[in-house]
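Trainee: Just dropping this structure here.
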Amino acid sequence: MYHTIRMNPKQRSMQMSDIKLFTKVGCPYCAAMRESLKSEGVDYEEIDVHSSSEAMQEALKYSGGRRMVPIVVRDGDVKVAPDGG
């Protein structure tokens, strides 16, 4: 399941980049990263890795085969479980 978080126009003007956030249900590190991105006021696409095999394969591509979340892809920079996971 893909979720796009929509921000109001003021927050949208603060958008710094296109961001993908790979998560899974019940992950506290994912919830913390989601809140961190919201507090920055940026748009991001949240992708649940368990929603489809394509989502899982994309996450594995970015993580080098590691099954860890959250994965944040921002301006070509990939961070796998930056604060734990």
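The values are calculated or read from the model by the stated rules, or taken from the named source; none is laboratory data. Since the model is a prediction, treat every value here as computed from it, not as a measurement. All Cβ positions, even for glycine, are placed from backbone atoms using ideal geometry, and neighbour counts span all protein chains on display.
Trainee: Cβ-Cβ under 9 Å, sequence separation 6+ or interchain: first residue in the stretch 55-70 and farther than 14 Å from Leu21 by Cα, partner of a type in the set (S, T, N, Q) and surrounded by 11 or more Cβ atoms within 10 Å (Cβ to Cβ). Which pairs?
Mentor: none
Trainee: Right, something else. Can you tell me how many residues in the stretch 16-26 are touching a residue at least 24 places away in the same chain (Cβ under 8 Å) and more than 12 Å from the chain's Cα centre (by Cα)?
Mentor: 3
Trainee: So, of the residues in the stretch 32-51 that are part of a helix (DSSP H, G or I) and in contact (Cβ under 8 Å) with a residue 40 or more places away in the chain, which turns out to be farthest from Asp18 (Cα to Cα)? Explain how you work it out, then say what you get.
Mentor: Restricting attention to the stretch 32-51, the residues satisfying the condition of being part of a helix (DSSP H, G or I) are 32-40.
If we keep only those that are in contact (Cβ under 8 Å) with a residue 40 or more places away in the chain as well, we get 32-33.
Details: Ala32: 19, Met33: 15 Å.
Residue satisfying both the conditions and the ranking: Ala32.
Trainee: If you scan the stretch 52-79, which residues turn out to be in contact with a Lys or Arg (Cβ under 9 Å, 6 or more places away or on another chain) and either modelled with pLDDT of 95 or more or assigned to a helix (DSSP H, G or I) (or both)?
Mentor: So in the stretch 52-79, the residues in contact with a Lys or Arg (Cβ under 9 Å, 6 or more places away or on another chain) come out as 56, 58-60, 62, 69-74.
Listed by number, the residues that qualify are Met56, Glu58, Ala59, Leu60, Tyr62, Val69, Pro70, Ile71, Val72, Val73.
Trainee: Continuing with this model, one more query. Do you know which of the residues in the stretch 33-49 that are more than 11 Å from the chain's Cα centre (by Cα) and under 18 Å from Val78 (Cβ atoms) is surrounded by the fewest Cβ atoms within 10 Å (Cβ to Cβ)?
Mentor: Top of the filtered list is Glu40.
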